[in-house]
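The structure under discussion appears below in the form of C-alpha cells.
The values are calculated or read from the model by the stated rules, or taken from the named source; none is laboratory data. Keep in mind that this is a model prediction, so the values were computed, not measured. These accessible areas exclude ligands, DNA and RNA; they are computed on the full protein's heavy atoms, side chains included. Shrake-Rupley method; radii C 1.70, N 1.55, O 1.52, S 1.80 Å.
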Amino acid sequence: MDRKTNRAIIRKIMLTEWDPIGVSGIPEAQDEYDAHADTVFDMLVNQTTSVDANAARRSSAAS
C-alpha cells in the first residue's frame, strides 16, 4: 500500500476509534487529525513509540 492509502486508513481509525475531542460526527471536522496521521504512520513504519525518536530518525536520514 502507498502512503496515501495508509494515511486514509489511519485517519479513519483516528476518527472512529480514537477521536478524543469527538469530531467524528462533524462533516466539517473530518480533517481534524490529518496532521497526526503522518506522524502515526512514521511511528508504525519505523517501529518507534516516541515522536522524538521519530524526529531524530528523520533528521539523521536527511543528513
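What whole-number value in Å² describes the accessible area per residue of the chain for a 1.4 Å probe? Mind showing how you got there, number by number?
On the way: 4650 Å² over 63 residues.
Using a 1.4 Å probe on heavy atoms only, each residue of the chain averages 74 Å².
Counting only protein heavy atoms and using a 1.4 Å probe, what share of the accessible area of the chain belongs to carbon plus sulfur, as a whole percent?
Heavy-atom surface of the chain belonging to carbon and sulfur, 1.4 Å probe: 54 percent.
Ordering MET1, MET43, MET14 by accessible area with a probe of 1.4 Å, largest first, what comes out? Provide the component values of the computation, followed by the final result.
Details: MET1 170, MET43 40, MET14 15 Å².
The ordering from most to least exposed comes out as MET1, MET43, MET14.
Taking the chain on its own, what percent of its Cα-Cα pair distances exceed 18 Å? Please list the in-between numbers first.
Numbers: 828 of 1953 pairs.
When every Cα pair of the chain is considered, 42 percent fall beyond 18 Å.
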